[in-house]
Amino acid sequence: MAAGQPAEKVTERRRHARKKGLLEAHYELEGRRHRAGVADLGKGGLSLVDVRQPLRVGERLVVWLTLSRRSGAALSLPGRIIWVQQQGVAAWRAGVEFDRLDPAAQRALSFYLWN
């Protein structure tokens, strides 16, 4: 969605349960790294919040997320934008559907979601 255009309507169609809570994340888009929050997380995707630049449905990105402060290891979660909502004058929220995750990322997500 381009800046200045109305936000798209979002219809809930999740295939996986989500764990809600605000996490810090980074994402890479077009070779640049940005900060955002994650409002909820599931095996199939996540919701980015406090995004400071407009995103477009269909764009591919990689989200880095640290689920354990103890280990400090960041998961690399490739995906694509499936919806975008404007949150204010200069902030957006976006739904990310994961691409194929490697087995280690799948295990870490499953452990986090069920504990």
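All of GLN106, GLN86 fail the test of being crowded, with 18+ Cβ neighbours inside 10 Å, more than 14 Å from VAL38 (Cα to Cα) and touching a residue at least 40 places away in the same chain (Cβ under 8 Å), apart from GLN86. If you filter region 91-100 down to residues that are in a loop (DSSP other than H, G, I, E, B) and out of contact with any Gly (no Cβ under 9 Å at 6 or more places or on another chain), you find that the one that is farthest from ARG32 (Cα to Cα) is ARG100. Within region 38-64, the residues that satisfy the criterion of being over 29 Å from ASN115 (Cα atoms) and of a type outside the set (D, E, K, R) are GLN53, PRO54, LEU55, VAL57, GLY58.
Exactly one residue among ARG15, ARG56, ARG32 is modelled with pLDDT of 55 or more and exposed (fewer than 11 other Cβ atoms within 10 Å of the Cβ), and that residue is ARG32.
Applying the criterion of being among the basic types (Lys, Arg) and modelled with pLDDT under 90 to the residues of region 59-77, the residue that is nearest to ALA36 (Cα to Cα) is ARG69.
So is TRP114 modelled with pLDDT under 85 and either touching a strand residue (DSSP E or B) at 6+ places or on another chain (Cβ under 9 Å) or surrounded by fewer than 17 Cβ atoms within 10 Å (Cβ to Cβ) (or both) or not?
On the way: modelled with pLDDT under 85: yes; either touching a strand residue (DSSP E or B) at 6+ places or on another chain (Cβ under 9 Å) or surrounded by fewer than 17 Cβ atoms within 10 Å (Cβ to Cβ) (or both): yes.
Answer is yes for this residue.
Are any residues in region 64-90 assigned to a loop (DSSP other than H, G, I, E, B) and touching a strand residue (DSSP E or B) at 6+ places or on another chain (Cβ under 6 Å), and if so, which ones? GLN87 - this is the single residue of region 64-90 that is assigned to a loop (DSSP other than H, G, I, E, B) and touching a strand residue (DSSP E or B) at 6+ places or on another chain (Cβ under 6 Å).
Comparison of LEU46, LEU61, LEU55, LEU41 shows that the only residue that is in a loop (DSSP other than H, G, I, E, B) and within 15 Å of GLU97 (Cβ to Cβ) is LEU55.
The values are calculated or read from the model by the stated rules, or taken from the named source; none is laboratory data. Owing to the predicted nature of the structure, the values given are computational and were not obtained by experimental measurement. Don't worry about glycine lacking a Cβ; one is built from the backbone with ideal geometry, like all the others, and counts go over all protein chains shown.
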